[in-house]
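**Student:** Pasting a structure here, questions to come.
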Amino acid sequence: MARDLQEQIKKLIIDRRLPSGATLPTEPELMELLGASRNSVREALKALQAMGIVEIRHGFGTYVGPMSMAPMIEGLAFRTVAGHYRGEDSLVQLLELREAVETGLISRLAGRVPEADLVELDALVSRMESQAAEGAGLAETDRAFHATLYRGLGNLLLGEVLEAFWDAFHRVRTDLVEPPQDPKVTCRQHREILDAVRTGDARRAEDAIREHFGHIRTRLTATAPHETISPPN
């Protein structure tokens, strides 16, 4: 019954073509429309709020939610992290998914990245090179590079999924065994990706992305999955 009510409310939003922020019918109106009790309607709305489909503002009413992918992304990140601490290869699986996504998209970017984004990407690689020379961490600059690289595609879902990849990896980063590899290699890989995209060489861009993920894979496979791992705080 509860699941059926959720589906009916979702159908109402679709049928009425209600955008995010639009006001939904009041509880009494939904009770009449759906032929359900107040408690059943409230439970259905609470479940939909947890999924980001509706937003309940106490004292004001119920509205169409932001329709964010945040609940799914949080679930993906949590599943990956929990699996990692159980000794599973969930991080490797997530890496394979991310590699497939980025390798499939990079050829579409070759020669098509806006000049303003190329300038920003160049600045990010330069910052990464300076950080490597100073012995500083590259994680956040690396993250910004990939976000900027795919920004021109205008795919909001892609941006959220890439954020989930980052969150999952960096929640367990203290457990990843760092192989004796100069961080300048990471800088070179990003410079290679940028140069390939700038010149419009799709094949070279794909090869550069694969090399980059190969480096990450080395870090993951260097982690002993069957050792006792202390969970994060």
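**Student:** Tell me, which helices (runs of 4 or more DSSP H) lie completely within the range 112-214 with 3 or more residues that are among the β-branched types (Val, Ile, Thr) and out of contact with any Pro (no Cβ under 9 Å at 6 or more places or on another chain)?
**Tutor:** Passing ranges, in order: 183-199.
**Student:** Next question, about the same structure. Restricting to the range 58-89, count the residues that are more than 29 Å from Ile13 (Cβ to Cβ) and without any contact (Cβ under 8 Å) to a residue 12 or more places away in the chain. Before the answer, list the steps.
**Tutor:** Taking the range 58-89 as the starting set, the residues that turn out to be more than 29 Å from Ile13 (Cβ to Cβ) are 80-89.
Next, from what is left, pick out any that are without any contact (Cβ under 8 Å) to a residue 12 or more places away in the chain: 82-83, 86.
Qualifying residue count, the range 58-89: 3.
**Student:** Mind checking whether some residue in the range 71-80 is open to solvent by 20 Å² or more (accessible area, probe 1.4 Å) and either over 30 Å from Thr218 (Cβ atoms) or not in a helix (DSSP H, G or I) (or both)?
**Tutor:** The answer is yes, given that some residue of the range 71-80 is open to solvent by 20 Å² or more (accessible area, probe 1.4 Å) and either over 30 Å from Thr218 (Cβ atoms) or not in a helix (DSSP H, G or I) (or both).
**Student:** How many of the residues making up the range 111-163 are of a type in the set (A, V, I, L, M, F, W, C), over 24 Å from Met72 (Cα atoms) and open to solvent by less than 50 Å² (accessible area, probe 1.4 Å)? Give the steps one after another, and end with the answer.
**Tutor:** Filtering the range 111-163 down to residues of a type in the set (A, V, I, L, M, F, W, C) leaves 113, 116, 118-119, 121, 123-125, 128, 132-133, 136, 138-139, 144-145, 147, 149, 153, 156-158, 161-162.
From the residues that got through so far, the ones that are over 24 Å from Met72 (Cα atoms) too are 113, 116, 118-119, 121, 123-125, 128, 132-133, 136, 138.
Now restrict to residues that are open to solvent by less than 50 Å² (accessible area, probe 1.4 Å): 113, 118, 121, 124-125, 128, 132, 136, 138.
Residues flagged as of a type in the set (A, V, I, L, M, F, W, C), over 24 Å from Met72 (Cα atoms) and open to solvent by less than 50 Å² (accessible area, probe 1.4 Å) within the range 111-163 amount to 9.
**Student:** Restricting to the range 136-155, name every residue that is touching a residue at least 12 places away in the same chain (Cβ under 8 Å) and out of contact with any helix residue (DSSP H, G or I) (no Cβ under 8 Å at 6 or more places or on another chain).
**Tutor:** Matches in the range 136-155: none.
**Student:** With the condition kept exactly as written, say whether any residue in the range 52-59 is open to solvent by 90 Å² or more (accessible area, probe 1.4 Å) and modelled with pLDDT of 85 or more.
**Tutor:** Checking the range 52-59: at least one residue is open to solvent by 90 Å² or more (accessible area, probe 1.4 Å) and modelled with pLDDT of 85 or more.
**Student:** Right, next: Can you tell me which of Ile14, Ile9 is farther than 22 Å from Ile73 by Cα and exposed (fewer than 11 other Cβ atoms within 10 Å of the Cβ)?
**Tutor:** None of the other options fit; the residue is Ile14.
The values are calculated or read from the model by the stated rules, or taken from the named source; none is laboratory data. Worth saying up front: this structure is predicted, and the values here are computed from it rather than measured. Virtual Cβ from ideal backbone geometry, glycine too; neighbours counted across all protein chains shown. The area values use the complete protein model at the heavy-atom level, side chains included, leaving out ligands, DNA and RNA. Shrake-Rupley method; radii C 1.70, N 1.55, O 1.52, S 1.80 Å.
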